[in-house]
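Here is the structure we will look at.
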Amino acid sequence: MKTEIPKHKKEFCTVKIDDLKPFEGNPRHNNESAKMVAESIKIYGFLNPIIITENNIILAGHTRTKAMKILGQTDIDAIRVYGLTEEEIRGFVIADNRIGEYSRWNYSAVDRMVSKVGNDDPMLRKMGMSSFMDNKSDLEALIAGAEGSPLDKDSKHVPAN
């Protein structure tokens, strides 16, 4: 049986960064990560549009927006979503910022991917990764150090709600 999902009108657009408003109370602190995202955009391009409301409030993409400002850009690609309620907006912002924490790394798969990219990839060099397995303990410590994380470090499954 197919699950019904909410349908919202969406449009792809390019907007002036100065016309955007950050979501009030954005729960993520992203100044340092914006610098790394800016480096990534310089290398690979801007591939992931931000998500905004019809009133130009950023729902997803605060870090990418800061990165584009760092790079001196005045415009940014966005997906504008219409008709969200305040509750849907707040729920989406929290979910968008939190859901990634429930993911697990397949270290072997990432190591194979890093090996195929090689040491010549400028972004991997900037992150100090010559081999993912060389950095596994650093990444595990970073993931495990997320204060209040709902994940059981030894579990292979997401905890039940």
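No value in this document is a laboratory result; all are computed from the given coordinates. Note that the structure is predicted; figures quoted are calculated from it, not measured. Quick reminder, even Gly has a Cβ in these numbers, built from the backbone with ideal geometry, and neighbours come from all protein chains shown.
Can you give me the Cα centroid spacing of the range 1-51 and the range 63-113 in angstrom? Here the answer is 5 Å between Cα centres. A DSSP coil position with no more than 16 other Cβ atoms inside 10 Å describes the following chymotrypsin sites (Phe, Trp or Tyr not before Pro) in the range 17-113: TYR82, TRP105.
Fewest-first ordering of SER40, SER108 by other beta carbons within 10 Å of each residue's beta carbon gives SER108, SER40.
Annotation: the residues MET36, MET1, sorted from fewest to most other C-beta atoms within 10 Å of their own C-beta, follow the order MET1, MET36.
Here the range 1-88 carries DSSP beta bridges of which approximately 60% are antiparallel, counting only pairs with both residues inside.
Could I get the Rg over Rh figure for the range 1-134? Both from C-alpha atoms, Rh via Kirkwood, rounded to two places. Rounded to two decimals, Rg/Rh equals 1.02.
As a proxy for reagent exposure, LYS7, LYS2, LYS16 were ordered by neighbouring Cβ count within 10 angstrom, fewest first; the result is LYS2, LYS7, LYS16.
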